[in-house]
Amino acid sequence: MSAQEVAARPLLVGDLCCSPVLQAELQPEEALVLAGALKALADPARLRLLSLIRATAVGRATTGVLADRLGLSQPTVTHHLGALFDAGFLERERDGRKTWYWVNIAGLQAIQQLLDPAPTKQLLTIETKRK
């Protein structure tokens, strides 16, 4: 990735993993990113989506499966998945007509550090076991 691509890419919550609120003064751009991330998580359907994706045996799921599990329409689920992706909590890949989603561990770790600055290995342990 070139320097221009890095500069043009929006800052994601995963980029802030080493700047917890309780340990250092938050810069204005960091505060904006973290507020956006918390806003993205502040929806019951989005929290359930993250939970459902993490709970799958393969650690990823398609929009259709998630819509069926939540009892919501595919457009609604796609909207919520897009918000989670934009905030840096999900990764995605198109496979023909399907889109696969999986959790971006760096995004979750950043929020975890925001709430509890003590280092934790729980998320890394879970991800390592799946590989």
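No value in this document is a laboratory result; all are computed from the given coordinates. On a predicted model such as this, the values are computed, not experimentally measured, just so you know. Because the Cβ atoms are built from the backbone with ideal geometry, glycine has one as well, and the counts that use them run over all protein chains shown.
The Cα center of region 55-100 and the Cα center of region 36-52 differ in position by 12 Å.
Whole-Hz Karplus values for region 69-83 come out as 5, 8, x, 10, 6, 4, x, 5, 5, 4, 4, 5, 4, x, 5 Hz, taken residue by residue from phi with 6.51 cos²θ - 1.76 cosθ + 1.60 and θ = phi - 60°; glycine and proline positions read x. Once the Cβ-Cβ distance of Ala35 and Glu91 is raised to the sixth power relative to R0 = 30 Å, the FRET efficiency obtained is 0.85. Segment Lys98..Arg48, full-extension length gain: 16.0 nm, with 0.36 nm per residue of separation and the alpha-carbon distance subtracted.
Leu49 sits among other residues whose Cβ lies under 13 Å from its own Cβ, and their net charge, with Lys and Arg +1 and Asp and Glu -1, is +4. Here the Karplus curve 6.51 cos²θ - 1.76 cosθ + 1.60, taken at θ = phi - 60°, turns the phi angles of region 35-48 into couplings of 5, x, 5, 5, 5, 5, 7, 7, 9, x, 5, 5, 5, 5 Hz, with x standing for Gly and Pro.
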